[in-house]
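Here the structure comes first, spelled out in structure tokens, and everything after it is commentary.
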Amino acid sequence: MKRILVVTHCILNRASKVKSYNVEEINEENELRKELLKEVFEKDIELLQLPCPEFTMYGAKRWGHVKDQFDNPFFRNHCKNILNPVIDQLIEYYSNKEKFQVIGIVAIDGSPSCGYNFTCKGNYGGELGGCTTLNEKIESIILENESGVFMEELKKLLNDNSISIPIRTLKDEITYLKKL
């Protein structure tokens with residue numbers, strides 16, 4: 001039986017991420033990514049890469065966003081549209097349980113799209129030039145205990161198709177894989 005792990009896009013393609021200036025955070029995530037991939041290869045697990053909703057909507061030159069900016073029908077529809085082919089694949093794997101086992105979905109906590117246990121939110125938006133309250137807007141960004149928009153839409157689509165696959169954070173998935 002082939003075991004399949006579904007991963008957010010940036011786990012396999014860091015180039016899709018919004019530019020970050022926090023070197024410590026980048027290094028920590030890179031180490032976790034390496035550890036996850038080491039476990040995946042050692043345990044002969046197949047990977048299914050989710051599309052990146054931010055990259056496919058805004059491209060490489062985008063600014064960082066918060067969930068509040070993505071929580072609208074346009075972005076949610078974009079998420080559903082790019083998830084539909086993935087859901088079709090998962091339905092096929094799920095309906096052939098004698099051949100395949102989808103062992104989990106890996107999310108990236110903190111992301112306004114792909115966060116699972118927490119996401120960034122804030123009173124954020126508008127023109128940057130001439131904004132006298134820019135620092136207050138930036139300081140309003142907080143981590144909330146909820147999923148990002150893409151993960152919310154993924155969970156709905158999984159539920160709508162009666163597919164039960166555990167979603168875990170990068171750290172939690174590494175812990176899970178080490179026990180296999």
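Just so it is clear, none of the values below were taken in a lab; they were calculated from the coordinates. Just so we're clear, the structure is a prediction, and the values are computed from it rather than from any experiment. Virtual Cβ from ideal backbone geometry, glycine too; neighbours counted across all protein chains shown.
Using r as the Cβ-Cβ distance of LYS34 and THR132, and R0 as 30 Å, what FRET efficiency do you calculate, to the nearest 0.05?
The calculated FRET efficiency here is 0.10.
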Hey, quick one: spin label on LEU12, modelled 7 Å out along Cα-Cβ, who in the stretch 76-94 has an amide N within reach, i.e. under 18 Å?
82-94
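R0 = 30 Å: FRET efficiency of ALA60 with ILE91, Cβ-based, nearest 0.05?
0.45
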Estimated [θ] at 222 nm from DSSP helical runs (n ≥ 4, -39500 (n - 2.57)) normalised by residues in the chain, nearest 500:
-14000 deg cm²/dmol
Can you give the extra length, in nm with one decimal, that the chain gains between LYS2 and GLU98 once fully stretched, where that is 0.36 nm per residue apart less the Cα-Cα distance?
33.6 nm
Just to be sure I understand the model, the point goes 7 Å from the Cα along the line to the Cβ. What's the resulting TYR176 to GLN49 distance in nm?
2.1 nm
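Dipole of the chain, Cα-centred, from +1 at each Lys and Arg C-beta and -1 at each Asp and Glu C-beta, to the nearest 20 debye?
Approximately 440 debye in magnitude.
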Eligible lysines near LYS156 by straight Cα distance, threshold 22 Å, same-chain separation 8 or greater
LYS67, LYS80, LYS97, LYS121
Test of understanding: given the chain, find the longest segment containing no GluC sites (Glu not before Pro) that are in a DSSP loop and have at most 16 other Cβ atoms within 10 Å.
1-97
I need the trypsin sites (Lys or Arg not before Pro) found in the stretch 16-57, filtered to DSSP loop residues with at most 16 other beta carbons within 10 Å of theirs.
LYS19, LYS43
So how far apart, in nm, are the two label points at ASN77 and ASN159 if each is 7 Å from Cα heading toward Cβ?
2.2 nm
Under a 5 Å amide H to amide H cut-off, with H placed in plane at 1.01 Å, what residues pair with GLN49 once short-range neighbours are removed?
VAL7
If amide hydrogens are placed 1.01 Å from N in the peptide plane, which non-local residues have theirs closer than 5 Å to the one on GLY104?
VAL6
Summed residue charge, Cβ within 15 Å of ASP71's Cβ, Lys/Arg positive, Asp/Glu negative:
0
Between the alpha carbon centres of the stretch 84-124 and the stretch 22-76 the gap in Å comes to 11 Å
Correct semi-axes for the chain, from √(5λ) of the alpha-carbon gyration tensor and rounded to whole Å with the largest first, are 30, 19, 13
